[in-house]
Structures are given as structure tokens and as C-alpha cells.
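A short worksheet on the structure shown next.
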Amino acid sequence: MRKFDDFLAEQLQDEEFKKEYDNLQPEFDVIRAIVDARVSQNLTQKELAERTGINQADISKLENGTRNPSINLLKRLADGMDMALKIEFIPKQKI
């Protein structure tokens, strides 16, 4: 993993790359939150699909970033994991 971190640090020196990377960060955060919540519940994608009525293939697409979730879909996922959905706006200075 160290080699990737070094590569990323080098690429982030390029202003255009950094801008695009920063623009994608919210999407990465949503993906990470979904995966972390599911894993913290010791659920497989299939088990989460059964709890939510969301197709397992769609959960996979959410987790690999090929599908963007709606707020309603995020609420269904949260409910299926017995969690609350919280979305925040944070001042950029605090990031």
C-alpha cells in the first residue's frame, strides 16, 4: 500500500489532478460510509439486500462507484442496518 500512497502524493502535486481528485472525494466518502456501515454490522451484500429489498447487484454497484444513490436509497440502506442517515455540510476550512 505504501507504493500507492507515494504515487498518490506525487500525483496530487499536479493542480489539475488534485482538482479532479478533490471533486470526487464526496463520492468516495459515500462509498466508504456504505461499506464501513455494512461491514460494521457483519453483513454481506446479500444479507443487506434481503433486509432492504434492494437487489444485491445494485448494492455492489453502489459500493464500487458505478451507481450514485438517491437520498431515499441511502435511507433504505440505513434502515436495513438499523442506523440513522446523517448528511452534513461542513465549512471547507474544517476539512
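Just so you know, all these numbers are worked out from the coordinates, no wet-lab data involved. Predicted model only: the values in this text are computed from it and were never measured. All Cβ positions, even for glycine, are placed from backbone atoms using ideal geometry, and neighbour counts span all protein chains on display.
Observations, loosely collected:
- For the range 31-84, the Kirkwood estimate of hydrodynamic radius, built from reciprocal distances between every pair of different alpha carbons, is 10.7 Å.
- Backbone geometry of the range 79-89 corresponds, through the Karplus equation with coefficients 6.51, -1.76 and 1.60 at θ = phi - 60°, to 3J(HN,Hα) couplings of 4, x, 9, 6, 10, 9, 8, 10, 10, 10, 9 Hz, x marking Gly and Pro.
- Mean Cβ neighbour count within 10 Å, used as a protection proxy, ranking 75-84, 6-15 highest first: 75-84, 6-15
- Helical contribution to [θ] at 222 nm, DSSP H n ≥ 4, -39,500 (n - 2.57), averaged over the chain, rounded to 500: -21000 deg cm²/dmol
- Listed cross-link partners Lys19/Lys75; Lys18/Lys94; Lys19/Lys94; Lys3/Lys46; Lys19/Lys86 are compared with a 23 Å cut-off, the Cα-Cα value being larger for Lys19/Lys75; Lys3/Lys46; Lys19/Lys86.
- Computed about the Cα centre, the dipole magnitude for the chain is approximately 360 debye when only Lys and Arg (+1) and Asp and Glu (-1) carry charge, each at its Cβ.
- Taken along the Cα-to-beta-carbon direction at a fixed 7 Å, the label points for Asn64 and Lys94 span 3.6 nm.
- Cα gyration tensor of the chain - equivalent ellipsoid semi-axes, whole Å, descending: 29, 16, 12
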